[in-house]
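The block underneath contains the structure these notes are about, expressed in structure tokens.
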Amino acid sequence: MFKLLTCDVAALVIIEFPPVHQGHRLFFPLHVETGLVEGPGYQALSKHGQGSGGFRKRKHDNFPHGQRREEKENLNPPSALMSSFKSFQLELDTRHDKYERLVKLSRDITIESKRTIFLLHRFTSAPNGEEILSESEVKLDAVRRKIKQVAQELIGEDMYQFHRAISPGLQEYVEAVSFQYFIKTRSLISVEEINKQLIFTAEDREETTNMTSNSHDKQAHTWSLKVTPVDYLLGVADLTGELMRLCISSVGNGDIDTPFELSQFLRQIYDGFTFIGNTGPYEVSKKLYTLKQSLAKVENACYTLKVRGSEIPKHMLADVFSTKTELIDQEEGLP
């Protein structure tokens, strides 16, 4: 890196740098006894031009790292502003953890609701439909227990801050409940009736130090979770797809009357959604197109039964309807 030019008796050393710094010469004092060259910012060099280590010292090599960190902490003691930000961090972490727990519960609600819907589709082909309905009620009770956990998580919280986490599960629950209600009563369940089923009570024992004869060992607690109108509408819109599948399966089982009942019911739902139009939420307008497709498939099935029902054997009606449904999907560009 350098070249030692002279080392005279006057204890003065001239050092010449490489070609990059050509023309620059520095003069450093030489210790006669030790034979080492010393200078500001450089390590000690022997008079043969060799150093004991690196060429340049770092700026903070004289200070240990731990000492510098302690000095920095002493210079910046915890202030009220830092304490406030730490409390904000704790609050945000708690809220994010709660949001993730609600997302997991919503997924469980969605899965159990779908299983209930699959079970209810066996109602038309099962020899004993009451067993299917009772089994579906047991599954819906399990779903409500999951919704109870959601209600407990939302105690003291604004539900709309966590609405996106629980909305898919609530929509699927509305679809399952309304599907079961339609099979039982051939009508649509209202949002008020759904919310009545989502009021939960529990009894927690309280231990008191002063035991008296009039003391109560149990205190009733109540949790509730209300389905929003938007979730109700989206769940009803998804119900139309299940009713369309119920129509095709009932025809395959030889039931000719159910498709006409479903056609009238779906027309009423479609008329109600058209009253909302573009004034409702964006998700409702997207579901309207799917609802229209389901209504068209049911009406096509009713048309085939009315016009060509006598020409087609009953055991082939389901195949004819499924083929026409596939053709309609291809014309509309649906997957």
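Some values worked out for this structure:
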| item | result |
| --- | --- |
| In segment 147-204, residue nearest to Met244 (Cα to Cα) [restricted to those that are hydrophobic (A, V, I, L, M, F, W, C) and part of a strand (DSSP E or B)] | Ile199 |
| Complete set of residues in segment 239-274 that are over 15 Å from Arg122 (Cβ atoms) and open to solvent by 40 Å² or more (accessible area, probe 1.4 Å) | Ile256, Asp257, Phe260, Glu261, Gln264, Arg267, Gln268, Tyr270, Asp271, Thr274 |
| Residue satisfying condition, being within 17 Å of Glu175 (Cα to Cα), loosely packed, with under 13 Cβ neighbours inside 10 Å and either without any contact (Cβ under 8 Å) to a residue 12 or more places away in the chain or touching a Phe, Trp or Tyr at 6+ places or on another chain (Cβ under 7 Å) (or both), within set Asp97, Asp141 | Asp141 |
| Segment 101-138 - residue that is open to solvent by 20 Å² or more (accessible area, probe 1.4 Å) and of a type in the set (Ser, Thr, Tyr) and, of those, nearest to Tyr181 (Cα to Cα) | Ser134 |
| Filter result for Glu153 (out of contact with any His (no Cβ under 8 Å at 6 or more places or on another chain), acidic (Asp, Glu), modelled with pLDDT of 95 or more and crowded, with 16+ Cβ neighbours inside 10 Å) | no |
| Selected residue (only one of Leu154, Leu102, Leu119 is within 29 Å of Gly254 (Cα to Cα) and out of contact with any strand residue (DSSP E or B) (no Cβ under 6 Å at 6 or more places or on another chain)) | Leu119 |
| Residues located in segment 275-289, provided they are open to solvent by less than 60 Å² (accessible area, probe 1.4 Å) and hydroxyl-bearing (Ser, Thr, Tyr) | Ser285 |
| Residue among Tyr173, Tyr160 that is out of contact with any Lys or Arg (no Cβ under 6 Å at 6 or more places or on another chain), open to solvent by less than 80 Å² (accessible area, probe 1.4 Å) and among the hydroxyl-bearing types (Ser, Thr, Tyr) | Tyr173 |
| Residue identified as within 27 Å of Lys98 (Cα to Cα) and either free of Cβ contacts under 8 Å to residues at least 24 places away in the same chain or not acidic (Asp, Glu) (or both) among Phe162, Phe179, Phe123, Phe118 | Phe162 |
| Residues of segment 258-290 satisfying the condition of being basic (Lys, Arg), farther than 15 Å from Asn300 by Cβ and in contact with a Leu (Cβ under 7 Å, 6 or more places away or on another chain) | Lys287 |
| Lone qualifier among Arg186, Arg95 - being at pLDDT below 95 and at positive phi | Arg186 |
| Among the residues listed as Val307, Val320, Val298, the single one being among the hydrophobic types (A, V, I, L, M, F, W, C) and at pLDDT 80 or above | Val298 |
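The values are calculated or read from the model by the stated rules, or taken from the named source; none is laboratory data. Note that the structure is predicted; figures quoted are calculated from it, not measured. Glycine also receives a Cβ, built like all others from the backbone with ideal geometry; neighbour counts cover every protein chain displayed. In case anyone asks, the SASA skips ligands and DNA or RNA and just uses the protein heavy atoms, side chains included. Shrake-Rupley method; radii C 1.70, N 1.55, O 1.52, S 1.80 Å.
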